[in-house]
Amino acid sequence: MRAETRLRKGKWRMEDTGKFEARYLAFLETIGPLRPRLHRYCARMTGSITDGEDVVQDALFRAYRSLETWDDSRPLAPWIFRIAHNQCIDFLRSRGVRVETEAAAAEPDFVEPADPIGPAIGPAIEHLVLNLPPKERACVLLKDVFEYSLEEIAELVESTVGGVKAALNRGRSKLESLQGRPAAPPRVSTPENKQILRLYVDRFNNRDWEGLRELISADARLLVADRYSGSFAAGGYLGVYSRMQVAWRLTLGEVDGEPSIILLNERNGEWEMEGIVRLDIGADGRIEQISDYQHCPWILTAGSIVVRASIA
């Protein structure tokens, strides 16, 4: 398996991987119990359940390629979390999120021992961490959501215990002032892009495979999470769906407030959510990448998913 991780338009992507090999699939199965927690962290760090899964995909591939550097006398989960954390920071930098190193340097890197650490944050406030700078965001998530120790967090974010305490105090104070406010607004989708989503859904549901291909760029990329990453043309993606005996259809919806496509599967006469399909659309109105998260069921409970079109 040959792959290169590339940064393009603010997204980390595995290139030229093709179908994942058996050894890598076995690795994914081994760390399966960690996946929901890992995705939850990356989704909160990036502000998107699909961007979060993309970061996880790249982090796991990087971990797999670096297994020889892992000290097997230590737990595997913190090592993978650290790789995922670093991928999140790279992602945020690529999006132009300011790390605020000057402001952080001006803050004291310690707190008095008598200062309280504070209670764990609830699910509603958890979404507000997107308003925090990356270091504060990571420290609050790791301590108050994932219950890591101060020492573990310091190692993971490459800081000191005092630095983690200071970041926690700043982050929690900001979160307290933000309570009752909405989370950061979703990214804006243009009317043209929404029309492409509608066309994609309609043509898929009508099994108009040639019509679908007309919407897709000749050099488009395809990600079927946990299965394939590479050229859309070489992936046989539409052919797989056309040959499946089970009933599939798409519907329009919103994922964390952003217009999206929801994948549905018919079971016992009812349509149930099975995954999310994300389209990255270029300036010319052609689809540049299709990302299918059918094999990542944990993302369906990691954020707000709303079906906007009828699924009758």
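Laboratory data are not the source of any read-out in this text; all were calculated from the coordinates shown. Treat the numbers as computed from the prediction; the structure is a model and nothing was measured.
If you stretched the chain out fully between Glu214 and Leu199, how much longer would it get, using 0.36 nm times the residue separation minus the C-alpha to C-alpha distance?
Fully extending the segment from Glu214 to Leu199 adds 4.3 nm.
If you plug each phi of the range 219-233 into the Karplus form 6.51 cos²θ - 1.76 cosθ + 1.60 with θ = phi - 60°, what whole-Hz ³J(HN,Hα) values come out, in order, with x for Gly and Pro?
Rounded to whole hertz, the list is 10, 4, 9, 9, 10, 10, 3, 6, 9, 7, 8, x, 6, 5, 4.
Given a cut-off of under 8 Å on Cα pairs at least six residues apart, what relative contact order in percent is computed for the range 191-307?
Dividing the mean separation by the residue count of the range 191-307 yields 27 percent.
Provide the descending list of Cα extents for the range 191-307 along its principal axes, expressed in whole angstroms.
37, 32, 27
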